Amino acid sequence: MTPRGHRISVEVNGHLHEGEVPARLTLVDWLRDELHLSGTHVGCEHGICGACSVLFDGEAVRSCLMFAVQADGHRVTTVEGLSGEDGRPGELQDAFCETHALQCGYCTPGMLIAAHALLRENPHPTEAEIREAIGGNLCRCTGYQQIVEAIEHAAAKLVERGAR
Amino acid sequence: MKAAAFEYARASSIEEACALLRERGDGARLIAGGQSLAPMMAMRLARPTWLVDINDVPDLQYIRVEGERLRAGACTRQRALERDARAIRLVPLLSQALQWVGHIQTRNRGTAGGSLAHADPSAELPLVACVLDAEVSVRSTRGRRALRAGDLFTGPMTTTLAADELIEEIAWPIWREDHVGSAFTEVSIRHGDFALVAAAAQVALDGEARCLRASFGVGGADATPVAFPELAQTLAGARLEDSIISTIAERAAAALDPGEDLHASAHYRRHLAKVLAERSLLEARDRAIARRAGQIRQ
Ligand code: FES
Ligand code: FES
């Protein structure tokens, strides 16, 4: 059996990208290897670590558990899409720097996507809600405390600014 | 870890999905949320030759109340069901259970029907379906049939679905008594992991706090989730004292045949089955009483 290639067209970070993919290619591999958007990380490749989180049609999902062909006609936002047009870090990313919420940085893109999805729906999360929101993301460095602080910090700043 | 090569077809209707399953034969598998199937493919535990994708079938994603049942299309996202106001009000056991299913990112993609079709004996939604005696509608090119959730599961990851059948809808009964309480509880190594053992219960009380009906079950402690309708039946008419609940939970646990693995011995699983069945029944009872006392208004 020689598998066919599938033509796909996916809106990634606001731009339409086309490609031809074998069915077995995961979404995260397509994003990284074909589109060279290497911000999204691959940790476990089987849905455990959350490093590969992206927004799919606006919802946070694991991009290692989807095949690129399934994204045809859909909308994806990667961590690169969270910063401003000029590529400068947004409030949330700044907050991660300020509170030292990363060490090796491997989990960071997934954490940012999870936190972004949370704050979009819930601008005033409690600590428990923050921990629930990042519960599917493993970090082997920070012990999580600073990540929780970063998200609290970003929430406060965003509310203060009244803009997101 | 990469999946083995396969062919892919996206269905845009239920009929098309059924036709594709039929045409592509035994090696074809449906993919809904893929939160169990994709990891199994990555680990080469599953090697379908064809994937029939039903994520873009609009007729499989809905939640509605109809005929004393809450009905959801099989491809309804778990997260949508968890947060649906009607589901929370009418079948609260569902959102109570869903909070234990994976994580937000997996529930955003994982589906109600996919969890049933996957039939993990420790999974939350199959247990709730058995405890509430949900009805599962199944489609194929040969037609439509309905079965009770308890008749769906035959063993770990094994169901009575034929290779060409697709789950179309799950319908959970709505308990309309005035004082209903439900509870879901489980023990896992970390929150969001597979349950070692899980238990679910629902109780309806009359104005005198006597049990009108009850239902409960245990997952992860046998080859399938197990509900205990006969034992629950014996609670009808009784005041649900702690001691009665404890005895019933003990008898339920004794009837199970738990497996043993790296994470827990059979002995420990049976112990958990008793403790969790008891805990879920007590909590369901207390919620029903609180409802009766008007402490919970929804
Ligand atoms: S790489 Fe996707 S969850 Fe770990
Ligand atoms: S910063 Fe290293 S894994 Fe989180």
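The values are calculated or read from the model by the stated rules, or taken from the named source; none is laboratory data. Here the structure is a predicted model, which means the values were calculated and not measured. Please note: Cβ atoms are built from the backbone with ideal geometry, for glycine as well, and neighbour counts cover all protein chains shown.
Residue check: is residue A:39 touching a residue at least 60 places away in the same chain (Cβ under 8 Å), outside any helix (DSSP H, G or I) and within 14 Å of chain B (Cβ to nearest Cβ)? Here the answer is no, as residue A:39 does not meet what is asked. Criterion first (among the aliphatic types (A, V, I, L, M) and in a strand (DSSP E or B)) does residue B:235 satisfy it? No, not satisfied.
Among the residues here, residue A:112 does not qualify as out of contact with any Leu (no Cβ under 8 Å at 6 or more places or on another chain) and either within 14 Å of chain B (Cβ to nearest Cβ) or not in a loop (DSSP other than H, G, I, E, B) (or both).
Flag set for residue A:105, criterion: within 16 Å of ligand 1 (Cβ to nearest atom), on the phi > 0 side of the Ramachandran plot and either more than 14 Å from every other protein chain (Cβ to nearest Cβ) or part of a loop (DSSP other than H, G, I, E, B) (or both). Filtered by the rule that a residue be touching a helix residue (DSSP H, G or I) at 6+ places or on another chain (Cβ under 8 Å) and either in a helix (DSSP H, G or I) or surrounded by 14 or more Cβ atoms within 10 Å (Cβ to Cβ) (or both), region A:93-102 gives A:93, A:94, A:95, A:96, A:98, A:99, A:101, A:102. Consider region A:57-92 and keep the residues that are under 22 Å from residue A:154 (Cβ atoms) and either buried (at least 22 other Cβ atoms within 10 Å of the Cβ) or within 13 Å of ligand 1 (Cβ to nearest atom) (or both). The one that is farthest from the other protein chains (Cβ to nearest Cβ) is A:92. Taking the criterion of being buried (at least 23 other Cβ atoms within 10 Å of the Cβ), among the charged types (D, E, K, R) and closer than 16 Å to residue B:100 by Cβ, the only residue of region B:159-216 that qualifies is B:186. Take residue B:73 and decide whether it is in contact (Cβ under 8 Å) with a residue 60 or more places away in the chain and touching a Lys or Arg at 6+ places or on another chain (Cβ under 7 Å). So residue B:73 fails the test. Can you name the residue in region B:259-298 that is modelled with pLDDT under 90 and aliphatic (A, V, I, L, M) and is also farthest from residue B:90 (Cα to Cα) among such residues? Checking each candidate, the answer is B:293. Restricting attention to region A:127-146 and to residues that are among the charged types (D, E, K, R) and part of a helix (DSSP H, G or I), the residue that is nearest to the other protein chains (Cβ to nearest Cβ) turns out to be A:132. Residues of region A:91-119 that are within 12 Å of ligand 2 (Cβ to nearest atom) and hydroxyl-bearing (Ser, Thr, Tyr): A:106, A:108. Right, residue A:122: within 11 Å of ligand 2 (Cβ to nearest atom) and of a type outside the set (Asp, Glu) or not? Here the answer is no, as residue A:122 does not meet what is asked. The listed residues are B:109, B:148, B:142, B:83, and the only one of them that is within 14 Å of chain A (Cβ to nearest Cβ) and free of Cβ contacts under 8 Å to residues at least 40 places away in the same chain turns out to be B:83. Restricted to strands (runs of 3 or more DSSP E) entirely inside region B:141-209, those with at least 1 residues that are in the same structural domain as residue B:70 (by TED's automatic domain parsing) and more than 28 Å from residue B:236 (Cα to Cα) are B:143-148, B:153-155, B:166-173.
Against the definition (under 29 Å from residue A:144 (Cα atoms), within 16 Å of ligand 2 (Cβ to nearest atom) and touching a strand residue (DSSP E or B) at 6+ places or on another chain (Cβ under 6 Å)), how does residue A:63 come out, yes or no? No; evaluated as a whole, the condition is false for this residue. Considering region A:1-36, and only residues there that are of a type in the set (Gly, Ala, Ser) and under 22 Å from residue B:8 (Cα atoms), the residue that is nearest to the other protein chains (Cβ to nearest Cβ) turns out to be A:23. For region B:238-279, a tally of residues being assigned to a loop (DSSP other than H, G, I, E, B), touching a Phe, Trp or Tyr at 6+ places or on another chain (Cβ under 9 Å) and within 21 Å of residue B:128 (Cβ to Cβ) returns 2. Taken together, the residues in region B:49-61 that are surrounded by 17 or more Cβ atoms within 10 Å (Cβ to Cβ) and either in contact with a helix residue (DSSP H, G or I) (Cβ under 7 Å, 6 or more places away or on another chain) or facing chain A (nearest Cβ under 8 Å) (or both) amount to 8. I'd like to know if region B:27-41 contains one or more residues that are surrounded by fewer than 21 Cβ atoms within 10 Å (Cβ to Cβ), among the polar types (S, T, N, Q) and not assigned by TED's automatic domain parsing to the domain that holds residue B:166. No, because not a single residue in region B:27-41 is surrounded by fewer than 21 Cβ atoms within 10 Å (Cβ to Cβ), among the polar types (S, T, N, Q) and not assigned by TED's automatic domain parsing to the domain that holds residue B:166. When region B:94-132 is limited to residues that are in contact with a Phe, Trp or Tyr (Cβ under 7 Å, 6 or more places away or on another chain) and of a type in the set (S, T, N, Q), the one that is nearest to residue B:199 (Cα to Cα) turns out to be B:122. Restricting attention to region A:116-140 and to residues that are hydrophobic (A, V, I, L, M, F, W, C) and within 16 Å of ligand 1 (Cβ to nearest atom), the residue that is surrounded by the fewest Cβ atoms within 10 Å (Cβ to Cβ) turns out to be A:138. Look at region A:94-119: where a residue is under 19 Å from residue A:54 (Cβ atoms) and in the same structural domain as residue A:144 (by TED's automatic domain parsing) and a partner is basic (Lys, Arg) and away from ligand 1 (no atom under 16 Å from the Cβ), sitting 6+ places away or on another chain with Cβ atoms under 8 Å, you get A:119/A:164.
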